[in-house]
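Notes for the one structure printed next.
The values are calculated or read from the model by the stated rules, or taken from the named source; none is laboratory data. Keep in mind that what you see is a predicted model, and the values were worked out from it rather than measured. Using ideal geometry, Cβ is built from the backbone for each residue, glycine included, and neighbour counts are taken over all protein chains shown. Only protein heavy atoms, including side chains, enter the accessible area calculation; ligands, DNA and RNA are left aside. Shrake-Rupley method; radii C 1.70, N 1.55, O 1.52, S 1.80 Å.
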Amino acid sequence: MYRIIKKEILNPDVELMVVHAPYVARKCEPGQFIILRVDEDGERIPLTIADYDRKKETVTIIYQVVGYSTKKLSNKNEGDFINDFVGPLGQPAPIHKVKRVLGIGGGVGIAPLYPQMKKMKDLGVQVDVLLGGRTNKHIIMENMFEEFVDNIYYATNDGSKGIKGFVTDKLLELLENGEKYDLVVAIGPLVMMKAIVNITKENNIKTNVSLNPIMIDGTGMCGGCRVTVGGETKFACVDGPDFDGFLVDFDECMQRQSMYKEEEEHICRIGIGDGNNA
Ligand SMILES: Cc1cc2nc3c(=O)[nH]c(=O)nc-3n(C[C@H](O)[C@H](O)[C@H](O)COP(=O)(O)OP(=O)(O)OC[C@H]3O[C@@H](n4cnc5c(N)ncnc54)[C@H](O)[C@@H]3O)c2cc1C
Ligand code: FES
């Protein structure tokens, strides 16, 4: 059992939890994830490690409340326990010392971007970040990034923070203004990562992305998280979740991600799946 040390509501859809998980905290690296089960009967849900503290033996997760299991998790409070918290899973993100990086985070993808950018800063890299969301309420963790980044830019659909438009609009503006980057790390919805890669490819800027396909066992056994990268089949849970964005077949990923849409949108009339019957 894993104790919830802290819970914070970041915006109406997104929450943060600091969980006492000594083994994960000792071993984890930016880019890796955990799979948790809220209770004994719970589904296994993968969540990226947003931060960790080796001394306090804690791991921070940031999750969007979207369906049955994340609602169940959201019903838990400080002092409560999570049944399983397995990890660290996946490969650490490929973090190397470069001169200058631009981290681009969209929505809840801002959370996994944070530990990667923090580690790059520790390596002496010049770090700029560009955070995007539907409105200013959907931009999370800005204070945490502001503590260490060199420049921070925002893009919102309604213009309530930063430029009015997509992160790709701001990326184009930065490149047109002559900003030079050796690496872009983009984490967010597939459609966002695909659009970013289209721009960075043209400008020959190496780009890493983080994929979050449906995962079931998280151990490379079930094949649920299959993705095509550079023409080869990879399993995001053991080979990723971070990959070279130029090589990812985004169209296939998007098609596979929408495979269970009907089931996910189905609200059972006898109450199973509404998240309130935990
Ligand atoms: C490696 C990885 C890291 C992730 N990190 C985060 C994170 O840091 N924060 C965050 O908010 N979300 C993250 N997700 C997505 C998160 O796992 C899903 O939001 C969660 O499982 C939804 O469960 P649900 O029962 O509440 O929703 P459901 O109603 O079951 O599904 C809602 C949506 O969640 C996604 N989803 C559902 N089950 C899974 C699953 N087993 N594997 C992957 N996606 C699923 C689907 O796209 C679906 O449309 C990550 C996914 C992966 C694969
Ligand atoms: S989740 Fe089963 S192979 Fe990756």
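Working note: Cα atoms of the range 1-119, range along each principal axis, descending, whole Å: 46, 30, 22. Students often get this wrong, so check it: of LYS118/LYS170; LYS7/LYS71; LYS55/LYS119; LYS121/LYS206; LYS27/LYS206, which have C-alpha atoms separated by over 20 Å? Violating the 20 Å limit, Cα to Cα: LYS118/LYS170; LYS27/LYS206.
Taking the 1.4 Å solvent-accessible surface of the chain as the whole, the part contributed by carbon and sulfur is 48%. By the scheme Lys and Arg +1, Asp and Glu -1, what is the net charge of all other residues having a beta-carbon under 10 Å from that of GLY132? Around GLY132, the surrounding residues sum to +2. Here the chain carries DSSP beta bridges of which approximately 60% are antiparallel, counting only pairs with both residues inside.
Provide the net charge surrounding TYR153, with neighbours chosen by a C-beta distance below 15 Å and charges set as Lys +1, Arg +1, Asp -1, Glu -1. That sum, taken over residues with Cβ under 15 Å, equals -4. For the chain, the solvent-accessible area with a 1.4 angstrom probe is 49 square angstrom per residue. The listed peptides 85-93, 120-128, ordered by packing as a protection proxy, come out as 85-93, 120-128 (highest mean of other Cβ atoms within 10 Å first). For the chain, a Gaussian network of Cα nodes joined below 10 Å ranks GLU202, GLU146, GLU57 by mean-square fluctuation, and the top entry is GLU202. Radius of gyration (Cα atoms) of the chain, expressed as a multiple of 2.2 N^0.38 Å: 0.98.
If you place +1 on the Cβ of every Lys and Arg and -1 on the Cβ of every Asp and Glu, how big does the dipole about the Cα centre of the chain come out, in debye to the nearest 20?
My answer is approximately 560 debye.
Only DSSP H runs of four or more residues enter the estimate; each adds -39500 (n - 2.57), and after division by the residues of the chain the mean residue ellipticity at 222 nm equals -7000 deg cm²/dmol.
You can think of it this way: the chain between ARG226 and ASN203 has 5.4 nm of extra reach, that is 0.36 nm per residue less the Cα-Cα gap. Of the listed residues TYR114, TYR68, TYR153, the order by accessible area with a 1.4 Å probe, largest first, is TYR68, TYR153, TYR114.
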